[in-house]
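For reference, the structure discussed in these notes is given below.
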Amino acid sequence: MSTKGTHIPDWLAVPFAGITPAPSQERGQDLFPTGNWRAIRPVYRDKMPPCNNACGTNEKIQGYLDLVKRGKYLDAYALIKEDMPFPSVTGRVCYHPCEQACNRGQYDEAISIRAVERFLGDLGQALPRDVVTAGRPNGKKVAVVGSGPAGHSAAYQLARLGYTVTVLEKSPKAGGLNRGGIPDWVLPQDVLDREIERLVELGITIKTNTEVGKDVSWDELKKNYDACVLAVGLTEPNSVRADGEDKHGVVYGLPFLRDIGMGTSKVKLGPRVAVIGGGNTAIDCAREALRQGAEEVTMITVEGNTSEMPCVPEDLHDMVAEGVELMHGRAMTAALGNGKVEALQLCRARFSGAINASPIAVDRESPAERFAVDNVIIAVGQHASLPWLPDEFKNERGTIRIDRFGRLGDTNFFAAGDVVQVGSGQPLMVVNAVGDGKRVAFNVDKVLRGVPLQERMVPIDVITDLARMNMTYFPKFPRVRQAMLEPASRRRTQDEVIQAYSEEQATEEANRCFSCGTCNACDNCYLVCPEPCIVRSVRSNGLYKILVDYCKGCRVCIEECPTGCLEGVPELDFDTGVVRMDTAFAITPGLHGRQAEELRRLPDKAPKDIENWR
Amino acid sequence: MPAIEIQRQMLPMFPSPNQGARFYNPELPETEPFVPGHRTCAGCGPSIQYRMTSKASGDNTILVGPTGCMYVANSSYLCTPYNVPWAHTQIGSSGSFTAGVAAAYEAMIRKGKWKGAFPNIICEAGDGSASDIGLASISGALYRNHDCLIICYDNEQYANTGIQASSRTPYGGMTTFSPPGPTIPEAKKLFPKDLARMMAAGHPHCYVATASVGYPIDLMNKVRKGLNHKGASYLMVYTPCQKGFVYETPRSIDLGRLVVECGLYPIWEWNPEKREFDYSFRPQNMRPVSEYLKLQGRFGHLHAEHIATLQKFANEQWRMMKVELPAALIRAADAKNLVDMASAEAAAAIAETV
C-alpha cells in the first residue's frame, strides 16, 4: 500500500508492518535497492566515430552533423573551425576519407559529409565577422613559410594561441597549392580569397613575393623569429625521364595548373592533348585541358585499369563523363617531333612493385606505338626544392629530416605538410596537410612554452563499427545528391561543377548520420529502462545518469542504444563504490537491515564456517 | 442541483520518433509515477510497459492492480514503487473494482465533492486476470462503459506463480502446465484466445487496441487515446517475460519488435466511432516466425511441422491485416522447408523418462 497522502504520526514513523515508506520521484522506493542483483553495469562511453578517425585533421564530424540536425549551424561551424581553418575549401576539394570510412556506407550509402561541410563553410564565409578570434598576444613571433594548406593551418592555429604570425609566400598571391593546384571549376578563387582574408583578420601578416633563400635567408629566419614552421610543399614536377622531354609543347601538370590559377598562363593547347599520369593532378589537368580548348584529351597511365589509379573515383567518373579517353598500361618513352612535339612513343609497361610509387618496368619486347598529339601534359608527381636548407636537416629522399614531433633536430624549426609527408605512406592531400599543420602548430606552442611534445600521429580509441549499433532504429534512406552541371555544358566553362546544398538538403543529409558510438540524446535508454533507473535532468550527451542503487543489470539499454554509446562493464571491474551482493535488504541501514546481520559478519568467519554458515 | 461539467485531461499525442532518417524520441513528460525499487526480474517486459503507461498518463492517475506479477513482485512488504494511488484487487474482480473507482469519481464530481480534473483510471491486469479469471468482470466494466482504461499486459502465461499456461499462451509454448513430451511434442496444442478482438467485437462502443513494448511511442499514444476516449477502453500489450520465455534479458524490447514483425502479434486499433478495425500499422520488416521462436527457450522443442503451423497462423494474421504475403513467408508455412529446433529430439526424450 502506498502511504502517499496519508498522515503518519511520529510514533509510527518506524519500520512497522503496514506503515512503510512511500516512494519518491527523487529517491525511488529505497526499501528495495536492487542494484546488488547486477553483474554487469551499463556505462556511457563515447567512442571514436570512424569519420572523425579517418579525417586527416580529425574534424569532429559526428559533432557538427549532430548540430546541423538540430539547426545549430553557427555552433556547427565553430566546431569545424577548431580543426579546419577553411571548411569552404575542403568542402569543395577534399577527397573525403571520412565518407569512405562512414559506417552508413556499409548499410546503404555514406553520408555526404563533404557537402554538409561546404554548406557550413559557405555559411561561415557569409558571416560579417568570423566566430574565431585570435588568442591573447603572448609576445612571441613565429614565421610560417608557405601559405598552402599546411602553412595556412599552422598559421591559423598559432594565431589562435596568441602568437604573432608572419606568413612568407614566394608567389604573388597567397594560397599555395589551394590556389595553384586546384582549378577554378572546383574551387572558385573568391572563396579562397575570402578564407585568406579571414587569416588577415586574425592579425596574421602575409608577405607575398618573399622566397626563403632569396629574399629571406635561413639565418634571418632563425634570428628574427622565436620559431618557424616550414610548409613549403613539393614545388618541382617530376619528369618521366623520356627522350625529348624538353621539346616545345611538353608541359608539366602542376606548373600548368598553377599558371592558370595565378593568371599568368601562356600555354596555348592544340586540339589533341595527352596527359601522362593517373593521379588526381593528372585528372585535374585533363579536365582543365578541355576547358583550355583541347578537342581530344587522352589520359595515358601505367596502371592496368581504373581501379588501380591513385585518384578519387568520383573525379575519375566525372572526367570520363566529360569525354576524356583513357589508355592503360602504357608509359611514355619519348616525345617525337622536330623542335615541337608531334607524337609520343608509347611502350607497354607496368609497375615493377606492388605500389604505384615503385619503378616502372617498360616492356622492351613489344613494339613501340606512335601516338599523335599536339601537346602533352606530364603529371607524375612532384618533389621538393630546398637549396636553402642546411645539409644537416636533409634526408635521403631530398626532403626535410624531422623527428616524430615534426621538429628539425632540437632547433625551433618545424616542418609540416607534403614536404615531410611524401614517402611516409600518408596521402598527399589537402586535409592531411591541414592536420599536419595543426599538430605541428601545437608542438611549436609546446616548445615555446617548455612543455613535453606530442607525437604527430596520436593513438586512437575504439572505433565504432556497425556491430556495436542497433540498426533497427535506422530505416534505409537514400543519400541527398548534390546537383551538378551537365557534362556537355560544363566541359568548356570555368563554372563550378558541383553545386551547394540548400539548408533543407543539408539538414536532411545530416539527419542520416548514425552518430556512431556517441550519445546524441535520443532518449531511448531513458525510455526503455524497466526500472526505470536512468535519469537525466537535462536532455543532453553526458548528462544521463544510471542509479546504480537500483540498476539490475538487465542490459536492455545497452542492446537498445541506437548508436552503441552504452556498453556493459562487469561489476568486478569497478573497485570502488561497488554494491556487493549480500541480501536485498542490507544496503539501506535501518529498516529491514537486521535481517542481514548474519551475512554482514561473514568476512570475519573462518572459511569452514562460511561453507556451512546456514 | 446544477450539473457540474466533468473536467477531463485531454492528453496530447507524441510525435513519431523517426524524423526523416533521424531517430530521436519526442520530449517525454518529466513525471515519474513508477519509480525504481521494485523486485521484478531484470529486463521485465511488464515493468517496461508499466513505466511507459504511467509516464504517458501522468500524475493525476489511479492505478488498479489485480493479482499478478505487477502486484506480487512490486508490493512486497507492503511497499510499492508507485508514486500515484494504487490499489490491489482480487484477481477476479479487476473490472468491477476499476468500474467502482470510475463511478465513485463521477459521483463525487457530480456532488461537488471532488474538485479538479477527472483522474486517469487504469487497471493493469495480467493476461491471467484479463483472459481467464477476471474476464467476466472486465467485460462487465467495458459493457457498462465506465470511464476507465483496462490494460492487459500480456506475458502469455501465469508468471508470478511459476510459469503456468494461460489461455493466452501461444501454440507450442512450453509452461509447467504444458510440457512437451512424446504424446504432445508441441507442448501446447491450443491457439491463444484472441482476447482483444473478442473485446472489440463484444463491446463495439469501446476503444480497443493492441500494442507492443517494442514500439514505445505507439504504445504511449494508444494509452493516451484510450484515456482521452470518453467511456471504457481496452488495450492489450505484448510484454515479454524473461523467466517464462527463457531468453537473454537484453532482448526484451527486441522481442517486442520481432513478434510484430513475424506477424504473431498484429497491431491494430478498433475505431468505436466508425465501428471498424484500423490495420494501418506496418512494421519495418516482415520476417518468418522462426526468427522469433529461436530466441526463446520455451519454443526449443518444436519440430518443423509445428513451426509451419505457427507460420500458417502468422500468415493468416497478415492476410487479416490486408498485407500481401511475400513468397518467402508462404514457403516457410510448408514443413518441408523448415528444420526442427535444436533441442527438439532431446526435449521429447527427457520427458519420456520422467
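The values are calculated or read from the model by the stated rules, or taken from the named source; none is laboratory data. Because the structure is predicted, anything quoted here is derived from the model rather than measured. No Cβ is skipped: glycine too gets one built from the backbone with ideal geometry, and neighbour counts run over all protein chains shown. Please note that ligands, DNA and RNA were not included when accessible areas were found on the heavy atoms of the full protein model with its side chains. Shrake-Rupley method; radii C 1.70, N 1.55, O 1.52, S 1.80 Å.
Quick notes on this one:
- Against the criterion of solvent-accessible heavy-atom surface with a 1.4 angstrom probe, A:Trp37, B:Trp86, B:Trp318 sort, most first, into A:Trp37, B:Trp86, B:Trp318.
- Note on A:Ser307 and B:Ser343: their simple-model spin labels are 4.7 nm apart, each label 7 Å out from Cα toward Cβ.
- The residues B:His301, B:His205, sorted by heavy-atom accessible surface at 1.4 Å with ligands and nucleic acids left out, run B:His205, B:His301 from largest to smallest.
- Listed residues B:Tyr279, B:Tyr50, B:Tyr207, most fluctuating in chain B (Gaussian network, C-alpha, under 10 Å): B:Tyr279
- Accessible area of the stretch B:30-285 divided out per residue, in Å², using a probe of 1.4 angstrom: 31 Å²
- Built amide H within the under 5 Å cut-off of A:Val275, gap 5+: A:Thr298, A:Met299, A:Ile300, A:Ile377
- Annotation note: GluC sites (Glu not before Pro) in the stretch B:19-125 located in DSSP loop regions with a Cβ neighbour count of at most 15 within 10 Å are B:Glu27, B:Glu30.
- For the stretch B:29-123, the list of trypsin sites (Lys or Arg not before Pro) that fall in a loop by DSSP and count at most 10 other C-beta atoms within 10 angstrom reads B:Lys111, B:Lys113, B:Lys115.
- Close amide H contacts of B:Thr175 (hydrogens built in the peptide plane, cut-off under 5 Å, sequence separation of 5 or more or a different chain): none are found.
- Other residues lying with their Cβ under 14 Å from the Cβ of B:Thr176 contribute a combined charge of +2, Lys and Arg counting +1, Asp and Glu -1.
- Mean residue ellipticity (222 nm) of the protein assembly as shown, computed from DSSP H runs ≥ 4 via -39,500 (n - 2.57), nearest 500: -8500 deg cm²/dmol
- For the stretch A:138-243, the list of GluC sites (Glu not before Pro) that fall in a loop by DSSP and count at most 15 other C-beta atoms within 10 angstrom reads A:Glu211.
- Percent antiparallel among DSSP beta bridges (both partners in the stretch B:1-146, rounded to 5): 25 percent
- Label positions at A:Glu342 and B:Asp278, each projected 7 Å from the Cα along the C-beta direction, are separated by 8.4 nm.
- Close amide H partners of B:Trp270, meaning residues 5 or more places away or on another chain with modelled amide H under 5 Å apart, are B:Val208, B:Ala209, B:Asp278.
- Largest accessible area first, the listed residues A:Arg401, A:Arg45, A:Arg38 line up as A:Arg401, A:Arg45, A:Arg38 when surface is computed with a 1.4 Å probe on the assembled protein chains.
- Counting 0.36 nm for each residue step from A:Ser424 to A:Val267 and taking away their Cα separation leaves a gain of 53.1 nm.
- Rg/Rg_globular for the stretch A:239-381, with Rg_globular taken as 2.2 N^0.38 Å and Rg from C-alpha atoms: 0.98
- Partner shielding of B:40-46 amounts to 5, given as the average count of beta-carbon atoms from other chains within 10 Å of each residue beta-carbon.
- Among beta bridges that DSSP assigns inside chain A, antiparallel share in %, nearest 5: 45 percent
- Share of carbon and sulfur in the accessible heavy-atom surface of chain A [1.4 Å probe, %]: 52 percent
- Taking every protein chain into account, the accessible area of chain A amounts to 44 square angstrom per residue (probe 1.4 Å).
- Since only B:Ala56, B:Met108, B:His88 are under comparison, the one whose Cα sits farthest along the positive direction of the charge dipole of the stretch B:1-122, derived from C-beta charges on Lys, Arg, Asp and Glu, is B:Met108.
- Counting only heavy atoms of the protein chains and using a 1.4 Å probe, B:Tyr71 has close to 70 Å² of accessible surface.
- Applying D = kT/(6 pi eta Rh) to the stretch B:30-285, where Rh is the Kirkwood radius over alpha-carbon pairs, T corresponds to 10 °C and eta to 1.306 mPa s, the Stokes-Einstein value obtained is 87 µm²/s.
- The stretch A:540-549 - phi-based ³J(HN,Hα) in whole Hz, Karplus 6.51/-1.76/1.60, Gly and Pro as x: 7, 4, x, 10, 7, 9, 9, 6, 6, 5
- B:Lys294 contributes about 130 Å² of solvent-accessible surface, heavy atoms of the protein only, 1.4 Å probe.
- Of the residues A:Cys529, A:Ile196, A:Val232, the one whose Cα sits farthest toward the positive end of the charge dipole of the protein assembly as shown, with +1 on the Cβ of Lys and Arg and -1 on the Cβ of Asp and Glu, is A:Cys529.
- When accessible surface is computed with a 1.4 Å probe, chains A and B are found to bury approximately 4600 Å² between them, both chains counted.
- A simple spin-label model places pseudo-atoms 7 Å from Cα toward Cβ; at B:Gln9 and A:Arg539 they are separated by 1.9 nm.
- Dipole magnitude of chain A, debye to nearest 20 (Cβ charges: Lys/Arg +1, Asp/Glu -1, about Cα centre): 940 debye
- Probe 1.4 Å - accessible area at A:Ser307, Å² to nearest ten: 100 Å²
- Carbon plus sulfur fraction of accessible area for chain B, probe 1.4 Å, in percent: 59 percent
- Debye intensity ratio I(q)/I(0), log10, the stretch A:104-158, q values 0.14, 0.21, 0.25, 0.29 Å⁻¹ (C-alpha model): -0.65, -0.97, -1.06, -1.12
- Phi-derived couplings, Karplus 6.51 cos²θ - 1.76 cosθ + 1.60 at θ = phi - 60°, listed residue by residue for the stretch A:132-140: 8, 10, 6, x, 5, x, 10, x, 9 Hz, with x used for Gly and Pro.
- Equivalent ellipsoid semi-axes - Cα gyration tensor, chain A, angstrom: 60, 28, 24
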